[in-house]
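What follows is one structure encoded as structure tokens, with my remarks underneath.
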Amino acid sequence: MYKIAVIPGDGTGPEVTAEAVKVLKAAAEKFDFKVDLTEFDFGGERYKKTGETLPDSAIEELRKFDTILLGAIGHPDVAPGILEKGILLKARFALDQYINLRPVKLYPGVETPIKDKGPDEIDFVVIRENTGDLYTGTGGFSMKGTPHEVAVQSAVYNRFQVDRCLRYAFEYARKYGKKARGKGDKNTLALCGKTNVLTYIYDLWERAFHEMGKAEYPDIEREYYHVDATCMWMIKNPEWFDVIVTGNMFGDIITDLGAMVQGGMGIAAGGNINPEGVSMFEPIGGSAPKYTGKGVINPLAAICSVQMMLATLGEEEAADKIEQTVMYLTGNKLKSMQAGKMGYSTAEVGDLVVDKLTE
Ligand code: IPM
Ligand code: MN
């Protein structure tokens with residue numbers, strides 16, 4: 001029995017979450033586990049009514065769950081930053097979800113903007129550190145409002161944060177890495193950084209990376225790429241990558257690039273993972289206000305986030321089956337991943353997944 005908190009959120013969040021929940025319930029029935037779902041209304045509407053984003057009491061409440069399913073956060077009437085910081089980032093930080101796991105996998109039938117690359121070439125994951133870096137809010141203004149105004153925002157990492165993220169990444173590469181990416185027979189972990197300019201932050205990352213790799217993971221091949229080069233190779237030679245580990249800010253940026261490479265926000269999912277605590281799974285795309293209530297948004301990203309949730313909970317069989325089902329549908333049924341162009345409504349796509357999963 002899994003106790004699962006569901007936060008549908010804003011915009012199209014509730015629509016895609018409804019389909020994800022449908023699939024979750026069908027998977028539970030088929031694979032013989034139970035789910036106990038509790039819905040929470042955190043998001044833009046609640047903020048507008050009450051001024052509340054994600055209160056501390058909610059964090060305490062969320063700690064009691066096994067995992068969290070999130071739809072989307074973001075409201076056109078709320079100034080940028082309030083909900084993102086107040087809900088999404090607050091949950092990530094308060095629940096210490098220090099890994100942001102974002103697979104970049106091109107499913108069959110899904111269109112990628114990269115010419116001549118297909119599912120064989122586009123299949124890697126980004127492990128984004130999720131608690132440090134420019135996201136810590138370290139900094140401030142001085143002389144604000146004057147012509148000499150200064151703004152400082154510091155990238156902050158400590159060794160502990162870096163080490164725990166690297167350890168997760170090495171373990172991930174050992175367990176799930178695919179051998180022989182054309183570079184010898186070891187699984188590969190690539191560190192993405194900027195050691196030529198960020199000579200403190202990524203010096204720390206690089207030293208920690210090689211120290212840990214040498215001492216504890218001699219079976220894993222280590223590679224290093226600068227972040228700008230990573231962007232270049234993700235487009236030119238995505239087949240070079242298998243498992244990438246990086247800091248929070250670079251991870252944010254390269255995973256949006258990754259989402260496009262794998263066919264867009266309709267299909268990209270991610271997990272905010274605390275391996276020792278409560279994790280939270282979400283489609284990477286936003287609340288897409290212009291599609292709200294039209295039944296045209298693609299729920300597959302939310303459904304894939306359920307797949308990641310179940311894999312993390314240890315329900316590997318159910319997770320694999322959901323992924324196979326999604327791959328069958330992208331390969332054989334859906335015309336496009338884009339909102340309004342799927343050939344089916346949001347709910348119909350959810351039904352297709354359930355039907356195929358349970359047949
Ligand atoms: C993401 C988003 C968030 C981030 C924003 C909404 C705060 O872009 O999940 O990638 O920067 O992490
Ligand atoms: Mn982002």
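The values are calculated or read from the model by the stated rules, or taken from the named source; none is laboratory data. Owing to the predicted nature of the structure, the values given are computational and were not obtained by experimental measurement. As a convention, Cβ positions derive from the backbone with ideal geometry for all residues, glycine included, and neighbour counts pool all protein chains shown. Keep in mind that these areas ignore ligands, DNA and RNA; they rest on the heavy atoms of the full protein, side chains included. Shrake-Rupley method; radii C 1.70, N 1.55, O 1.52, S 1.80 Å.
For the options 151, 318, 72, a Gaussian network treatment of the chain with springs between C-alpha atoms closer than 10 Å singles out 151 as fluctuating the most. GNM remark for the chain: springs join alpha carbons under 10 Å apart, and the peak mean-square fluctuation among 141, 40, 250 falls on 141. Taking the protein heavy atoms of the range 226-311 in the context of the full set of protein chains, the accessible area attributed to carbon and sulfur is 64 percent at 1.4 Å. Since only 278, 258, 345 are under comparison, the one whose Cα sits farthest along the positive direction of the charge dipole of the chain, derived from C-beta charges on Lys, Arg, Asp and Glu, is 258.
How big is the dipole moment of the chain about its Cα centre under a simple scheme where the beta carbon of each Lys and Arg is +1, that of each Asp and Glu is -1, and everything else is neutral? Debye, nearest 20, please. Intermediate results must be reported in sequence, preceding the final value.
Working: 41 positive and 51 negative charges, 99 e Å.
Once rounded to the nearest 20, the dipole reads 480 debye.
With a 1.4 Å probe rolled over the protein heavy atoms of all chains, the accessible area of 323, 121, 111 falls in the order 111, 121, 323, largest first.
Classified by the C-alpha gyration tensor, the range 234-275 has an oblate form. Its axis ratio a/c, with a ≥ b ≥ c, is 1.5 or above, and a/b does not exceed b/c. If you take the alpha carbon atoms of the range 71-190 and fit the smallest convex hull around them, that volume is 217 Å³ per residue.
Among the listed pairs 64/321; 25/294; 22/105; 333/356; 49/294; 48/85, those whose Cα-Cα separation exceeds 19 Å are 64/321; 25/294; 22/105; 49/294.
In square angstrom, what is the accessible area per residue of the chain with a 1.4 angstrom probe? Spell out each step's value before the answer.
On the way: 15800 Å² over 359 residues.
The answer is 44 Å² per residue.
By the scheme Lys and Arg +1, Asp and Glu -1, what is the net charge of all other residues having a beta-carbon under 11 Å from that of residue 267? After counting each charged neighbour, the total is 0.
Using only the Cα atoms of the chain, what semi-axes does the equivalent ellipsoid have when each is the square root of 5 times a gyration tensor eigenvalue? Give whole Å, largest first.
Details: eigenvalues 182, 146, 81 Å².
After scaling each eigenvalue by five and taking roots: 30, 27, 20 Å.
Between 134, 106, 70, where does the largest GNM mean-square fluctuation fall for the chain, given springs only between Cα atoms within less than 10 Å? With Cα springs under 10 Å in the chain, the top fluctuation among 134, 106, 70 is at 134.
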